[in-house]
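Student: Quick one: the structure is below, questions incoming.
The values are calculated or read from the model by the stated rules, or taken from the named source; none is laboratory data. Not measured: the values here are computed from a predicted model. A quick note on method: Cβ atoms are made from the backbone with ideal geometry, for glycine too, and the neighbour counts reach across all protein chains shown. Accessible surface areas use protein heavy atoms only, side chains included; no ligands, DNA or RNA. Shrake-Rupley method; radii C 1.70, N 1.55, O 1.52, S 1.80 Å.
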Amino acid sequence: MEHAPTWLTYGFLYLGAAVLAVPIAKALGLGAIIGYLAAGIAIGPWGLALVSNVQDILHFAEFGVVLMLFLVGLELQPSRLWSLRRPIFGLGSAQVLGCAAALFALGWLAGLPWRISLVGALGLALSSTAIALQSLSERNLLRTSSGQAAFSILLFQDVAAIPILALLPLLGAAAVGQGAELGAGELAVEALKIVGVIGAIVLGGRLLLRPLLRWIAKSKTPEIFTAAALLLVVAIAYLMVLVGLSMALGAFLAGVLLADSEYRRELEADIEPFKGLLLGLFFIAVGMSIDFGVLMRSPWQMAALVLGFLAVKAVVIYGLARAAQIPYQERPVFTLLLAQGGEFAFVVFQAAAGARVLAFETASLLIGAVALSMLLSPLLLVLLDRLLLRRFATLKQPPAAAEISEPQEAPVLIAGFGRYGQIVARVMLAQGVPATVLDHSVEILEVARTFGYRVFYGDATRLDLLRMAGAGQARVLVVAVDDPEQSLKIVALARKHFPQLAVVARARDLTHWNALRDLGVTNVQRELFESSLLSAGSVLELMGLPPAEAQDITQRFRTHNIALADRMYPHHKDRARMIAVAREGRNQLAEQMAKERQERQAAASAPADAPAAPDLPGNPDQK
């Protein structure tokens with residue numbers, strides 16, 4: 001009998017373990033991450049021993065973290081990333097330096113050599129990007145203040161890992177008595193490589209990636225575009241590895257550079273399935289990598305190490321959360337997610353052992369402690385959810401809202417039932433036009449039901465819910481959600497999967513209006529534009545202008561502003577040109593209205609006793 005290929009055997013093992021373990025863990029309320037970790041322990045060297053090459057699998061599975069950071073980058077336009085620079089370098093440096101200093105002091109007081117204390121402290125100060133972001137996403141906390149702070153710290157940790165790894169050869173050279181000049185020279189060369197590679201990614205992303213993706217998209221072959229998306233991430237990760245940088249950091253930069261491109265949604269849709277599978281494989285590999293042999297040889301030492309570094313980091317991070325004024329309800333989750341060890345600590349401790357800074361037994365002990373902390377963290381989160389966070393929940397919980405359970409057939413579909421969507425729905429109801437309304441706020445659903453509206457619970461960015469809501473048969477989709485990012489996702493889904501839908505969208509501002517126009521939406525209303533014009537007309541009347549004249553001025557301003565927005569739209573990606581067009585349009589309007597004011601003043605100051613036209617036969621004014 002022929003033996004099955006290795007890839008087929010391992011593929012069967014990983015998928016089988018995940019399919020069995022994850023649903024069981026979810027059914028027990030433990031979460032998917034614990035299921036993956038348990039699956040890894042079960043098939044790893046300390047379980048059924050079905051897999052032996054754990055490190056090779058772990059290196060491959062790290063690509064799941066790389067894809068996750070690429071998708072996170074796609075959600076952050078460069079302007080938004082620039083707005084996060086203070087929390088990234090402020091909170092991030094405070095967390096890494098604060099935790100490293102506290103852990104170093106603890107190790108030094110325990111009698112460890114300063115090199116071991118320093119490397120151990122720097123490695124243990126890092127946190128798991130994969131577990132933290134996955135847990136924040138599951139709890140819908142990524143857009144909260146704690147989620148943004150945690151993301152900023154995790155991003156800084158990816159950057160901080162570069163100098164930490166660069167420091168290890170210097171510590172190793174000093175440990176064996178070699179001169180430091182060579183190490184310093186090599187460090188300077190490495191620094192130039194780092195700057196060169198990051199510069200190449202930034203310039204290449206600006207100059208080459210978009211034309212390349214445009215050329216590939218013209219082939220109209222979806223599988224080739226998917227392959228190109230994966231090739232992009234693989235190539236950048238490979239480039240970063242060649243110069244000793246973080247693959248995840250490079251992928252994140254590439255995502256940021258493509259965040260405002262027209263191919264952003266397509267890239268997200270193509271990469272998301274691979275990211276989920278490879279992240280699951282990463283957690284399985286972490287479970288397999290836990291060395292229970294070290295745990296059994298020195299259980300009390302391992303327990304003291306794990307609980308000690310978790311406690312020290314938790315104290316520092318909680319104090320940082322208070323200083324950053326993170327809401328107290330979010331502090332426990334924020335603290336626990338950053339207190340655990342991180343996947344990059346594996347790399348740091350293995351590199352430290354290779355550079356002879358750490359003994360292999362010490363490195364193995366530290367790696368085991370990090371892996372155990374990554375196993376304990378999701379378990380502690382479950383405990384936190386069930387016990388501590390109940391104190392923060394309100395006593396009166398709103399009833400659970402059910403999603404759409406049967407297909408709808410209304411000709412109008414409204415996404416979002418806030419102050420904007422409600423008015424649209426009321427007009428439709430008054431005219432007898434059936435409308436299906438989707439909203440993901442339970443509170444809004446309760447208010448809507450109180451007034452007799454039929455609103456369904458659901459996130460309109462989900463394709464399956466749009467289908468169930470009748471998007472395949474509806475004639476009009478009204479996008480009335482508050483969040484611009486969510487609005488653009490809904491429109492992109494509708495354009496791709498329901499081309500027959502006429503889209504009417506609400507824009508928060510001119511930037512959002514331009515993005516909707518890029519997606520082909522022409523029926524776009526800026527949410528405060530019309531009400532602002534009415535207020536401006538009221539101000540003019542209070543200043544003494546007749547109502548008819550005030551209305552005429554605001555109406556002409558409205559016409560001019562809409563025309564100006566259309567003139568600016570072709571240049572909205574060229575900031576300098578767009579500003580020039582805007583200034584030119586504003587000056588034209590100001591000059592035109594100034595001229596009209598002068599004409600009105602001249603007419604008002606004309607003599608009142610000017611001779612009238614004689615009443616002659618054929619006078620056109622005579623009636």
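Student: Going through Ile317, Ile326 one at a time, which residue ends up being within 16 Å of Gly147 (Cβ to Cβ) and modelled with pLDDT of 85 or more?
Tutor: Ile317
Student: Ala21 versus (1) surrounded by fewer than 18 Cβ atoms within 10 Å (Cβ to Cβ); (2) modelled with pLDDT of 75 or more; (3) of a type outside the set (Asp, Glu): which is the lone unmet condition?
Tutor: (1)
Student: Restricting attention to region 498-514, and to residues there that are more than 18 Å from Gly416 (Cα to Cα) and modelled with pLDDT of 85 or more, which single residue is least open to solvent (accessible area, probe 1.4 Å)? Write out each step before concluding.
Tutor: Step one: of region 498-514, the residues more than 18 Å from Gly416 (Cα to Cα) are 498-500, 510-511, 514.
Subsequent filtering for residues that are modelled with pLDDT of 85 or more retains 498-500.
Details: Phe498: 8, Pro499: 97, Gln500: 89 Å².
That would be Phe498.
Student: I would also like to ask the following. Given the criterion open to solvent by 70 Å² or more (accessible area, probe 1.4 Å) and assigned to a helix (DSSP H, G or I), identify the matching residue among Ala580, Ala548. I'd like the intermediate steps shown before the answer.
Tutor: On the way: Ala580 fails: open to solvent by 70 Å² or more (accessible area, probe 1.4 Å).
Matching residue, one of Ala580, Ala548: Ala548.
Student: Select from region 515-538 the residues that are surrounded by 19 or more Cβ atoms within 10 Å (Cβ to Cβ) and in a helix (DSSP H, G or I) and list them in ascending order.
Tutor: Ala515, Leu516, Gly537
Student: If you take the residues in region 241-254 that are in a helix (DSSP H, G or I) and farther than 17 Å from Leu71 by Cβ, which one is most open to solvent (accessible area, probe 1.4 Å)? Reasoning before the result, please.
Tutor: Filtering region 241-254 for residues in a helix (DSSP H, G or I) gives 241-242, 247-254.
Applying the additional criterion that residues be farther than 17 Å from Leu71 by Cβ yields 241-242.
On the way: Val241: 80, Leu242: 109 Å².
Looking at the filtered set, the residue picked out is Leu242.
Student: Any residue at all in region 302-312 that's closer than 18 Å to Leu155 by Cβ, modelled with pLDDT of 85 or more and either open to solvent by less than 40 Å² (accessible area, probe 1.4 Å) or assigned to a loop (DSSP other than H, G, I, E, B) (or both)? Spell out how you get there, then give the answer.
Tutor: Filtering region 302-312 for residues closer than 18 Å to Leu155 by Cβ gives none.
Looking through region 302-312, none of the residues is closer than 18 Å to Leu155 by Cβ, modelled with pLDDT of 85 or more and either open to solvent by less than 40 Å² (accessible area, probe 1.4 Å) or assigned to a loop (DSSP other than H, G, I, E, B) (or both).
Student: Consider Asn561 carefully, then state whether it is closer than 30 Å to Leu519 by Cα and modelled with pLDDT of 70 or more. Let's see the steps before the verdict.
Tutor: On the way: closer than 30 Å to Leu519 by Cα: yes; modelled with pLDDT of 70 or more: yes.
For Asn561, the condition - closer than 30 Å to Leu519 by Cα and modelled with pLDDT of 70 or more - is met.
Student: Say whether the condition of being assigned to a helix (DSSP H, G or I), modelled with pLDDT of 85 or more and in contact with a strand residue (DSSP E or B) (Cβ under 8 Å, 6 or more places away or on another chain) is met by at least one residue in region 462-481. Write out each step before concluding.
Tutor: Taking region 462-481 as the starting set, the residues that turn out to be assigned to a helix (DSSP H, G or I) are 463-468.
Filter once more, so that each one left must be modelled with pLDDT of 85 or more: none.
Looking for residues that are assigned to a helix (DSSP H, G or I), modelled with pLDDT of 85 or more and in contact with a strand residue (DSSP E or B) (Cβ under 8 Å, 6 or more places away or on another chain), one finds none in region 462-481, hence no.
Student: Which number in (1) more than 26 Å from Ala161 (Cα to Cα); (2) at pLDDT 75 or above marks the one condition that Tyr263 misses?
Tutor: Condition (2) is where Tyr263 drops out.
Student: Of the conditions (1) modelled with pLDDT of 70 or more; (2) over 28 Å from Ala351 (Cα atoms); (3) of a type outside the set (S, T, N, Q), Arg143 clears all except one; give me its number.
Tutor: Result: Arg143 passes all but (1).
Student: Mind listing just one residue for me: the one in region 219-236 that is small (Gly, Ala, Ser) and modelled with pLDDT of 80 or more and, of those, surrounded by the most Cβ atoms within 10 Å (Cβ to Cβ)?
Tutor: This residue is Ala228.
Student: Can you list the strands (runs of 3 or more DSSP E) found entirely within region 355-458 that contain at least 2 residues being modelled with pLDDT of 80 or more, out of contact with any Asp or Glu (no Cβ under 6 Å at 6 or more places or on another chain) and open to solvent by less than 60 Å² (accessible area, probe 1.4 Å)?
Tutor: Working: elements: 412-415, 435-439, 455-457.
Those strands (runs of 3 or more DSSP E) span 412-415, 435-439.
Student: I would also like to ask the following. Specify which of the listed residues (Leu13, Leu58) is part of a helix (DSSP H, G or I), modelled with pLDDT of 80 or more and not hydroxyl-bearing (Ser, Thr, Tyr). Reasoning before the result, please.
Tutor: Values: Leu58 fails: modelled with pLDDT of 80 or more.
Result of the check over Leu13, Leu58: Leu13.
Student: Across region 564-577, what is the number of residues that are assigned to a helix (DSSP H, G or I) and within 15 Å of Trp513 (Cα to Cα)? Spell out how you get there, then give the answer.
Tutor: So in region 564-577, the residues assigned to a helix (DSSP H, G or I) come out as 564-571, 575-577.
In the following step, the residues that additionally are within 15 Å of Trp513 (Cα to Cα) were identified as 564-571.
Number of matching residues: 8.
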